[in-house]
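The structure under discussion appears below in the form of structure tokens.
Bear in mind that the values in this text are calculations on the coordinates, not laboratory data. These numbers come from a predicted model, not from an experiment. Neighbour counts are summed over all protein chains in view; Cβ atoms, including those assigned to glycine, are modelled from backbone coordinates with ideal geometry.
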Amino acid sequence: MNFPDQFYCVVLVLYAPSKKRVVVKRSTMAKALDALDQHPRRGEFNGNDARMQVDFVLEEPKPVDQPLQIEVGIDGLMIEGKDKTHIFLPADCFVRSIMGMGQLYEYLNRAYGDVSNLKMKTFRSQSFISVGADWLPLYRGYPLVGDITKQSLEYAVELAMDHVKLTQQDSGKFLYYYDPVTNSTFESFRNRTEWNQYYNILRHAGGGLLCLDYESYTNGGSTKQNIVKCIEYLIKSMVVEVVDGVERAYVYSERKAKLGGSGIGLYLLSRYESFYNDSKYRVWAERLYQHLLAQILESGEFIYYNIYLDKEITEETNQQYFSFYYPGEALCGMAAYLKLLPEDQRQVGFEKARKALQFLLHVRPTTHAAHYAELPSDSWLMMAISEFWDMPEMRQDDYVQFVFDDADKMIVHMYTHEDAPYPDYVGSFYYEYGDHPYPDGSRCEGLVAAYELAKKVGNEEVTKRVWDAMVLGAWSCMHLVNTPESTYSVANPALTIGGIRLKLTRQWFRIDTIQHVAGFYSKMLPHWDQETKEIK
């Protein structure tokens, strides 16, 4: 690694798990190394798990005006204290889990006092992190992401699955939330108590879907037991009722029965049966299916919650509990289940699904216009339509057009190499140009649905356009993957590696943030060889 020959100053930082880091700044490398050697805690960092960060500040820092406005992760700060100048390195936003200016102000106020009274200078640096005897360049605190390859996608997926297998409990629950900065599984910003931690049953079922996506690609069988444990936990949360002689079941958790919970639950059970040719959960799938049919009103709108905080929701109160995503999740479950049924038993499901799709595609955009944005977000609905397309009775032009239109809108709102304000914005989404980037595995799953539907209908133009966007999206999401190289600052690397974060410089992750990115990669990988062969 070639370090710069000339610079204003150099900053060295030592990290080791569970140790308070050591930071020194000097005008030359020799002076910095000497200061580091003389530091009273230098001996704490002699183990093989110690890492060093080197930042070269190339130009003299410049005074900044208030209110402070910097690019988080790119701009650093030198802060004049009473006795010394404090250094806030560009990578410290990543290290401290700071994404926006509000969070930065909160940290600075806590660490150094009232920001409005501080004298500060800003700078940019070339930053590197040690990996064994090698050095990797950092950008926004994360090791540079190279070209996306089949191998890099597979590596990210394997890291994620290792994390899932390591952390899933015997009960079937996944590690729902983890913050590497605090080494805590407690989602404190939800203002919940330690003894009653929140556990989202939709995201739980999504963890099972991730394992199925992985199995579908690898066919290796290494996560089947994880899927089974996930399903068994899900079933324990179901409530069975008999209505007009028909058994139904809904998923009940956290005092709520969400349409999406039953929908994703049915999607998981149906895909399990289809993939493993194992019908042992069929009775539960049928009960969920019957419940979902009953949740579709005459208008085609779903009832979004069967129960909310132990209160039964009726057609009259339904609008108070509107959910944009639950209908698509329910239709994914219905589509996957209908594929399991004999053709002569599908008609009722088809009729109900058509009614729901008519509402979602042609009525909801008007009646619930306030919930729509320029950047589409309903990837579950895109996935449901692609699933339904496998059955000829559910093929309509307006279904295809919706999926392709939403994919095009997503692509229009994706930073590219030509227009990205910063290099690592490429492949991320935005609502308005200039927004902080949204690397988004969930939306990219919607792009996969559009890609696969385009292949089914033989539209090569859409296939290529969407694939190119998927590659950019895959590169963007790779910045969220916690690798051995990127976890240099955390207290517990073993628990952090394989986690996939939600934002560039935010450290926390959940089972669903892992699911959407690793699931996107797992769905993309089966098409890789064909697409790259055609590119060559």
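Which cross-chain or sequence-distant (5 or more) residues have an amide H under 5 Å from the amide H of Ser184, H modelled 1.01 Å from N in plane?
Counting only residues 5 or more places away or on other chains, the set is Asp179.
Considering the dipole of the chain built from charges on the beta carbon (Lys and Arg +1, Asp and Glu -1) around the Cα centre, which of Ala370, Gly43, Asn2 is farthest to its positive end?
Positive-end residue among those listed: Gly43.
Mind checking the dipole of the stretch 106-180: about its Cα centre, +1 per Lys or Arg Cβ, -1 per Asp or Glu Cβ, Debye to the nearest 20?
Values: 8 positive and 9 negative charges, 86 e Å.
Dipole size: approximately 420 debye.
Regarding the chain, what are the three Cα extents along the principal axes, ordered largest first, in Å?
Cα spread of the chain along its principal axes, largest to smallest: 81, 54, 46 Å.
Report, to two decimal places, the Cα Rg of the stretch 76-150 normalised by 2.2 N^0.38 Å (N = number of residues). All intermediate terms of the calculation are to be shown ahead of the outcome.
Details: Rg = 15.1 Å, N = 75, 2.2 N^0.38 = 11.3 Å.
Compactness ratio reported: 1.33.
Say a paramagnetic label sat at a point 7 Å from the Cα of Asp134, along Cα to Cβ; which residues of the stretch 1-23 have their backbone N under 20 Å from it?
Correct set: 1-4, 15.
For Ala35 and Val283 in one chain, what is 0.36 nm times their gap in residues minus the Cα-Cα distance, to one decimal in nm? Walk me through the intermediate numbers first.
On the way: separation 248, 0.36 × 248 = 89.28 nm, distance 6.90 nm.
Using 0.36 nm per residue and subtracting the Cα-Cα distance, I get 82.4 nm.
With each pseudo-label sitting 7 Å past Cα toward Cβ, what's the Glu298-Asp408 distance in nm, one decimal?
Each label point is offset 7 Å from its Cα along the Cβ direction, giving 3.7 nm.
Run lengths n ≥ 4 of DSSP H only: what is the helix-derived mean residue ellipticity at 222 nm for the chain, with -39500 (n - 2.57) per run over all residues, to the nearest 500? Mind dumping the intermediate values first?
On the way: 18 runs with 223 residues, N = 536.
Mean residue ellipticity at 222 nm (helix-derived): -13000 deg cm²/dmol.
What FRET efficiency, computed as 1/(1 + (r/R0)^6) with R0 = 41 Å and r the Cβ-Cβ distance, is obtained for Asn48 and Ser216, rounded to the nearest 0.05?
Values: r = 38 Å, r/R0 = 0.93.
So the FRET efficiency works out to roughly 0.60.
Multiply the residue gap between Ala369 and Asp244 by 0.36 nm, knock off their C-alpha separation, and tell me the result in nm, one decimal place. Mind dumping the intermediate values first?
Numbers: separation 125, 0.36 × 125 = 45.00 nm, distance 3.63 nm.
Length difference between fully extended and current span is 41.4 nm.
Residue-wise, which Karplus ³J(HN,Hα) couplings in Hz belong to the stretch 150-162, taking 6.51 cos²θ - 1.76 cosθ + 1.60, θ = phi - 60°, and x for glycine or proline?
In residue order, the calculated couplings are 4, 5, 5, 5, 4, 5, 4, 5, 5, 4, 5, 5, 4 Hz.
Restricting to Cα pairs below 8 Å that are 6+ residues apart, what does the relative contact order work out to for the stretch 9-143? Please round to a whole percent.
Working: 228 pairs, mean separation 34.7, N = 135.
Relative contact order comes out at 26 percent.
Residues with beta-carbon under 12 Å from that of Ser274, excluding Ser274: net charge, scoring Lys, Arg +1 and Asp, Glu -1? Please report the intermediate quantities before stating the final value.
Numbers: positive: Arg271, Arg282, Lys339; negative: Glu215, Glu273, Asp278, Glu387, Asp390.
The answer is -2.
Please give the direction-averaged projected area of the C-alpha convex hull for the stretch 9-143, in square nanometres with one decimal. Mind dumping the intermediate values first?
Details: hull surface 33.0 nm².
Mean projected area for the stretch 9-143: 8.3 nm², to one decimal.
On full extension of the chain, what length is gained from Tyr276 through Glu461, given 0.36 nm per residue of separation minus the C-alpha to C-alpha distance?
This chain segment gains 63.2 nm when fully extended.
Enumerate the residues in the stretch 471-503 having an amide nitrogen under 20 Å from the point lying 7 Å beyond the Cα of Gln197 toward its Cβ.
Taking a point 7 Å out along Cα→Cβ of Gln197, the residues of the stretch 471-503 whose backbone N falls under 20 Å are 482, 490-503.
Size of the dipole of the stretch 391-464 about the Cα centre, Lys and Arg at +1 and Asp and Glu at -1 on the beta carbon, nothing else charged, in debye to 20? Walk me through the numbers before you get to the answer.
On the way: 6 positive and 16 negative charges, 51 e Å.
The dipole magnitude comes to about 240 debye.
If you filter the stretch 302-348 for GluC sites (Glu not before Pro), then keep DSSP loop positions with at most 13 other Cβ within 10 Å, what is left? Let's see the in-between values first.
Working: sites: Glu312, Glu315, Glu316, Glu329, Glu343; in loops: Glu315, Glu316.
Passing sites in the stretch 302-348 are Glu315, Glu316.
My understanding is that a pair violates if its Cα-Cα distance is over 20 Å; which of Lys236/Lys280; Lys31/Lys62; Lys224/Lys533; Lys352/Lys456 do that in this structure? Spell out each step's value before the answer.
Working: Lys236/Lys280 15 Å; Lys31/Lys62 23 Å; Lys224/Lys533 32 Å; Lys352/Lys456 24 Å.
From Lys236/Lys280; Lys31/Lys62; Lys224/Lys533; Lys352/Lys456, over 20 Å: Lys31/Lys62; Lys224/Lys533; Lys352/Lys456.
Hey, got the Cα dimensions of the stretch 351-418 along the principal axes, in Å, largest first?
On the principal axes, the stretch 351-418 reaches 45, 28, 17 Å in Cα extent.
Going through the stretch 36-137, which trypsin sites (Lys or Arg not before Pro) have at most 13 other Cβ atoms within 10 Å and a DSSP loop state?
Values: sites: Arg41, Arg42, Arg51, Lys82, Lys84, Arg96, Arg110, Lys119, Lys121, Arg124; in loops: Arg41, Lys82, Lys84, Arg96, Lys119, Arg124.
For trypsin sites (Lys or Arg not before Pro) across the stretch 36-137 that sit outside H, G, I, E and B with at most 13 neighbouring Cβ atoms in 10 Å, the list reads Arg41, Lys82, Lys84, Lys119.
Can you give the FRET efficiency for Lys62 and His417, using 1/(1 + (r/R0)^6), R0 = 30 Å, r = Cβ-Cβ distance, to the nearest 0.05? List each step's numbers first, then the result.
Details: r = 29 Å, r/R0 = 0.96.
So, using R0 = 30 Å, E works out to roughly 0.55.
Lys and Arg at +1, Asp and Glu at -1: add these up for the other residues within a Cβ distance under 13 Å of Gly43 and post the number.
Working: positive: Lys19, Arg41, Arg42; negative: Asp37, Glu44.
Residues near Gly43 contribute +1 overall.
How much net charge surrounds Ala249 when only the other residues with a Cβ under 13 Å from the Cβ of Ala249 are counted, with Lys and Arg +1 and Asp and Glu -1?
On the way: positive: Lys236, Arg248, Arg282, Arg287; negative: Glu241, Glu247, Glu286.
With Lys, Arg at +1 and Asp, Glu at -1, the neighbours total +1.
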